[in-house]
Every structure is written in C-alpha cells, then in structure tokens.
Amino acid sequence: MLRVATEFFSLPVEEKLKLYSDDPSKTMRLSTSFNVNKEKVHNWRDYLRLHCYPLEKYVPEWPSNPSSFKDVVSNYSKEVRALGYRIEELISESLGLESPRVPRVLGDQGQHMAVNFYPPCPEPELTYGLPGHTDPNALTILLQDLQVAGLQVLKDGKWLAIQPIPDAFVINIGDQLQALSNGKYRSVWHRAVVNADKPRMSIASFLCPSDDALISPPESLVEEGSVAVYRDFTYAEYYKKFWSRNLDQEHCLELFKNSRNPAAGSDTSSSILKTS
Ligand code: OGA
Ligand code: NI
C-alpha cells in the first residue's frame, strides 16, 4: 500500500493535476491542504481521497496509474474494513452492549481513504501537515510511514509524538463513536507536523456510518434521570456540517450538544486547542 502510494505521488505534476479538485463532495479527487475554500491558512499536505465501499461502485473511478493501484488498494481496503468491524464489535462489548451492536447501529458503513503526502517543508515551524482535529467519522485506521514520524496526539493537554511501529496501525476513535458511546469513548485530538528533510506518507482509512444511521446512544449508556450528551442526528447531517467549516473552528460535535443535558458545557480539550 505504501509503495503504490509513493509511486502515485511520484508521478509528474501534470499527470496528478488531472485528478485535482477542491470540491469535498467528489468521491475521488486529489487535493491539497484541508479545505482550501474554507480555510484562511493552508497546510503543507497533498492528499488523494477515495471512496472504498462498495468497491465495485468506486474502483472504476480510481487512478489507473500506477497500474497496480486498483488491485493493491482494493485488497488493502477489504482487509482494513474487516479489521475495523472487528474493532467496533470489541468496542461494543467493552461498553457492555451485545457484541455486534455498534457496527449494526452504524449500518452498512461507508469507507473513505485519504492517502496523505507531506512534502519536505523549508519552514516547518510555520505550518502543519494537518492542524489539530478529530476525525468526523466512526473509526480511523491509520498506516504510517515507517521512516518519517509526524503524527501527534493530545494527551493531558500536551502533544505527544506517535512513533511509527512496524506492522502496526494507529486506531483513532472518531466523533461518531464519541456520540454513540455518550462520551465514554473520546474522539482523539491529533495533528500532523512536517519536517524540512524528508517527505512523509500516511494512509488513513475511515469507517463512516451509513448516511441514514441515527447516531443515538443506547439507553444503558445514558445515566438514569439524565439525557444523552448529544442530541440525535444522522451522519449525513453531521458530515455536511463538518465540510462546511474549517478545522480551526469550534469542534463540530459541540454544535450537536443536547441543550437539555446539565453537563452541556464546552469540551475542555477544544478550548486548550484554541489557546495553543
Ligand atoms: C487524517 C490524519 C494523520 C497523519 O488524515 O485525518 O489525521 O499522520 N492523518 O497523516
Ligand atoms: Ni485525522
């Protein structure tokens, strides 16, 4: 997977530009930064964004250069999907729900991929590859470049570098699992930094609830006499809101807080981000 991704980003610029688009509604596109039409400050990243489920529907629109791209990325996508579903089942069990509950609630999940390429940056302290954010989907499976680190996560108010481990993935909880678990699982704040010497690659696979999945925590996770932390919403509603904004604004989940919940204050980690 890392090899075809590297081959893809080594193609001549003119070849890659044929795939360029800054329209987030496109199901296959090469783009840059994060959301160029909404952001004031750009980031040092190029990315290829693909939809990966159902494969028969989307593979035909994927790049055919390099020639092994479709095959390798299809196989990778299938394996990653199976792993993601297994993890969601275990999360379900850990919440005291019957085991397939979480993946069932999420419906026939969508799957997207971001192949991220961070070129060397002459002044890395002036920018990010990706600024601090949480992933808007349910679960993210991230394959990191083994040679060049760059991922950081926010823990106890400090950014920690996540060193790549051979043959291991980084698993991020996304906003949907935070809402669905009524805040028991937290969507992790993370960012990518860049460096002056070496390009870095990462491959993020996102499992996303089906558009009509109703994100609503099971009753057993809502304290007796209380209401859910977030109001019920569909994933389609959330996703639309997410892409209509920039990453440095108030956290998207904040907009879905249940006003009837007594603990509906602001998320502390997002206020840390604003001041750092
Ligand atoms: C992402 C992401 C981190 C990385 O694509 O959402 O957080 O290390 N990527 O590239
Ligand atoms: Ni992310």
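The values are calculated or read from the model by the stated rules, or taken from the named source; none is laboratory data. These numbers come from a predicted model, not from an experiment. All accessible areas refer to the heavy atoms of the entire protein, side chains included, with ligands and DNA or RNA removed. Shrake-Rupley method; radii C 1.70, N 1.55, O 1.52, S 1.80 Å.
Per-structure values
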item	result
Within the accessible area of the chain (1.4 Å probe), percent carbon and sulfur	53 percent
Heavy atoms of Glu89 accessible to a 1.4 Å probe, total area in Å² rounded to 10	70 Å²
Gyration tensor (alpha-carbon) shape descriptor, the chain, a/c threshold 1.5	prolate
Thr127 accessible area, 1.4 Å probe, all protein chains in place, Å² to nearest 10	30 Å²
At least 18 Å along the helix axis (C-alpha) and Kyte average at least -0.5, DSSP helices within the chain	69-94
Largest to smallest accessible area among Trp243, Trp44 [probe 1.4 Å]	Trp44, Trp243
Order of exposure, largest accessible area first, which applies to Leu2, Leu126 with probe 1.4 Å	Leu126, Leu2
Surface per residue (accessible, 1.4 Å probe) for the chain, Å²	49 Å²
Over 28 Å (Cα to Cα) - which of Lys155/Lys257; Lys57/Lys155; Lys158/Lys257; Lys26/Lys78; Lys184/Lys240 fall in this group	Lys57/Lys155
